[in-house]
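Working notes, structure below.
The values are calculated or read from the model by the stated rules, or taken from the named source; none is laboratory data. These numbers were taken from a predicted model, which means no experiment stands behind them. Cβ atoms come from the backbone with ideal geometry, glycine included; neighbour counts cover every protein chain shown.
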Amino acid sequence: MPRPTDQLRLRREQAGLTLEDIQRQTRIRLEYLRGIETGDYSLLPGKFAVRRTVEAYCNVLGLDSARMMRQIEGSHSSSIESSYSVPAPVDKTPDPSAKLPSRSRSRKERTETRAENETSRIRGRQKEQRGRRRRKKSAVGEFLEMIQAPLKKGIPLNLVIILVGVLLLGLGTVWVVKEFIGEETATQKQKTSSEKNSSHSSPIQGDSSVVELIKPSETYKYGDLFKVSKADEIMVTLQVEKETSFIYRKGGPTEKIAEKGKIKAGEKKSFHHDKWISLEVGTPSHVKLIVNGHEIDTSHDAKDHHYQIQRKP
């Protein structure tokens, strides 16, 4: 005989879902879902559980849960073959000799389990601390044994002390050398960075303006940022040894492109602006970049390099 809940199974199969998929979405026990589908309501603890399970199941599949419950209850009341049953009323008078309800026992068990887990974690930490202490003691013991071993073999104490001193001196020397090399490397890196920054701006005699590299392309996403001071406007000239492309923007790197194109070998291209010149040069290693009479070193710059030249008020 068809069951009202057959609709759930058919809809689930049409959607390509398994009972496990429904279980993951509803977080309801698999046996409860299976009981609803098969009409074996004895697998569920009571009418409330049936209603809640049907409601969650219908919500996943987009069915009317209230209508489904009416059909289930109607089928139960009118059909003898239906296995859906509602527990009979029971006397709720507390019995002093009765055991705790299963839910209370479960909560108690969970509390005890948590306490046991916490105790295990504390014991684990204590064990780990004891292990560390033992390892430290073991290291000290090994060191003492290393000193005592020569003494047992008849080597004079003075010689043992000298050997230990040499060993400690060697370890100290290694540490000092490492520290010195680390500091020297850091100093060299700083020196190299300073040389790079200074080499970017080589003033030509007779020019009163000042061009400074404020941010290199490694730290500024729009390329090398230069600032020009003691000047009324920015004047940039590209002297090209080999043909190169360029893109020019007025007012900053995010402004619209004012001009783009190619400059042939042996030619010059000049740009003027009162605030900001943004340039992208295709092959900067073959270009002389002159800003307000100052030559910028571009020999080590990568292809399609960006230069931002801003006038300092």
Checklist outcome for this item: Among Pro87, Pro45, the single one that is within 26 Å of Thr26 (Cα to Cα), part of a loop (DSSP other than H, G, I, E, B) and modelled with pLDDT of 85 or more is Pro45
Checklist entry - Among the residues of region 248-262, is there at least one that is under 37 Å from the mean Cα position of the chain (by Cα), surrounded by 12 or more Cβ atoms within 10 Å (Cβ to Cβ), part of a strand (DSSP E or B) and touching a residue at least 12 places away in the same chain (Cβ under 8 Å)? => result yes
Next on the checklist: With the requirement that a residue be assigned to a loop (DSSP other than H, G, I, E, B) and either touching a residue at least 40 places away in the same chain (Cβ under 8 Å) or touching a Cys at 6+ places or on another chain (Cβ under 7 Å) (or both), what does region 219-242 give you?
Outcome noted: Tyr220, Tyr222, Gly223, Ala231, Asp232, Glu233, Glu241, Lys242
